[in-house]
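Reading through the structure tokens given below for one structure.
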Amino acid sequence: MSLFWIVIRRLAEIEAMAMSKKVITREEWEKKLNDVKIRKEDMNKLVMNFLVTEGYVDAAEKFRMESGTEHIDLATITDRMAVKKAVQCGNVEDAIEKVNDLNPEILDTNPQLFFHLQQQRLIELIRNGKVEEALEFAQEELAPRGEENQSFLEELERTVALLAFEDVSNCPVGDLLDISQRLKTASEVNAAILTSQSHEKDPKLPSLLKMLLWAQNQLDEKAAYPRINDLATATLEDSAI
């Protein structure tokens, strides 16, 4: 069979699938959406969950006052964001001190998090050109942990490799000096603090939006309906049949 006929056959199959789809009008779809009852209290909790988890202190307080949702301890959010900011700015020692002030058990019971914070300290020493101090710190603080954990050892070796290159911006491990590495460590610390405070480490809202996109993709195979293409506006748009 020639390529031409293969293409023609495939186009015919696609057209047949499109014609077999159930067509749902905007009126029908909006009626279905309106039939789903969601309590305002649940929506408020969802918004508050996002604000608290992401650390928007002022917004959380204003929303609490306007919506009448349950009281939240703003001090815990402020302290958590102070830790996160310290890591993002490269002040790892300060971040560790703040974490211990919040709850010493966070680092005592999470060796991987503590190692990653120490690794970030090493990265900051290398970034600032403190080669001798970096080597001493790696040998005294990180090497013993690497001997006990193979994955820690591999991460340590990769970090120390930064010292072997004059131009770290173009070296194979140069990504460790990128701001994304700080953000990664800060996110890990943030999640650990949330867990210690009996909060969920990730906000629910992004997960729900991902579920929405997944559900729409599944439904696309069976029906033509007004779908949400822009999550920012949540505007219903008619699908092409």
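The values are calculated or read from the model by the stated rules, or taken from the named source; none is laboratory data. This one's a predicted model, so the numbers in the text were calculated from it and none came from an experiment. Positions of Cβ are backbone-derived with ideal geometry, glycine not excepted, and every protein chain shown enters the neighbour counts. The area values use the complete protein model at the heavy-atom level, side chains included, leaving out ligands, DNA and RNA. Shrake-Rupley method; radii C 1.70, N 1.55, O 1.52, S 1.80 Å.
Once Rg and the Kirkwood radius are both taken over the C-alpha atoms of the chain, their ratio Rg/Rh works out to 1.15.
Here the chain is treated with +1 on each Lys and Arg Cβ and -1 on each Asp and Glu Cβ, and its dipole about the Cα centre works out to around 1540 debye. Close amide H contacts of Ala224 (hydrogens built in the peptide plane, cut-off under 5 Å, sequence separation of 5 or more or a different chain): Lys22, Val23, Ile24. The long axis of helix 40-54 is offset from the longest Cα principal axis of the chain by roughly 30 degrees. Going down the table (Lys37/Lys85; Lys84/Lys130; Lys32/Lys201), which pairs top 30 Å between alpha carbons? Distance filter (> 30 Å) returns Lys37/Lys85; Lys32/Lys201.
With R₀ set to 35 Å, the beta-carbon distance separating Asp178 from Thr76 gives a calculated FRET efficiency near 0.70.
A straight line joining the Cα centroids of region 193-241 and region 78-110 runs 33 Å. Comparing Gln118, Gln216, Gln88 in a Gaussian network model of the chain where C-alpha atoms under 10 Å apart are linked, the largest mean-square fluctuation is found at Gln216.
Sorting 58-66, 74-82 by their mean Cβ neighbour count within 10 Å, with the most densely packed peptide first, gives 74-82, 58-66. Between Lys222 and Glu93, with labels modelled 7 Å along Cα→Cβ, what's the label distance in nm to one decimal, could you check? According to this spin-label approximation, the distance is 6.1 nm. Distance between the modelled labels on Leu208 and Trp29, one decimal in nanometres: 2.0 nm (7 Å Cα→Cβ projection). The relative contact order of region 132-193 comes to 18 percent, based on Cα pairs under 8 Å that sit 6 or more residues apart.
What region 53-200 shows is 57 Å² of accessible area per residue, with the surface traced by a 1.4 Å probe over protein heavy atoms. Put +1 on the Cβ of each Lys and Arg and -1 on the Cβ of each Asp and Glu in the chain; which of Ile38, Ala223, Ile77 then has its Cα farthest toward the positive end of the dipole? Value: Ala223. The relative contact order of the chain comes to 25 percent, based on Cα pairs under 8 Å that sit 6 or more residues apart. With coordinates expressed along the principal axes, the C-alpha atoms belonging to region 73-197 extend over 48, 29, 21 Å, beginning with the largest. Work out the length of the dipole vector of region 73-197 about its Cα centre, built from +1 on the beta-carbon of each Lys and Arg and -1 on the beta-carbon of each Asp and Glu, and round it to the nearest 20 debye. In total the dipole reaches around 500 debye. In the chain, a dipole from Cβ-located charges (positive for Lys and Arg, negative for Asp and Glu) runs towards its positive end, and of Gln118, Asn49, Gly146 it is Asn49 whose Cα lies farthest in that direction.
Checking the cross-link pairs Lys31/Lys210; Lys45/Lys222; Lys184/Lys210; Lys22/Lys45 against a 26 Å limit on the alpha carbon distance flags Lys45/Lys222; Lys22/Lys45 as lying beyond it. The average projected area of region 134-241, computed from the convex hull of its Cα atoms over all directions, is 12.2 nm². Normalising the average separation of contacting C-alpha pairs (under 8 angstrom, six or more residues apart) by the number of residues puts the relative contact order of region 73-197 at 31 percent.
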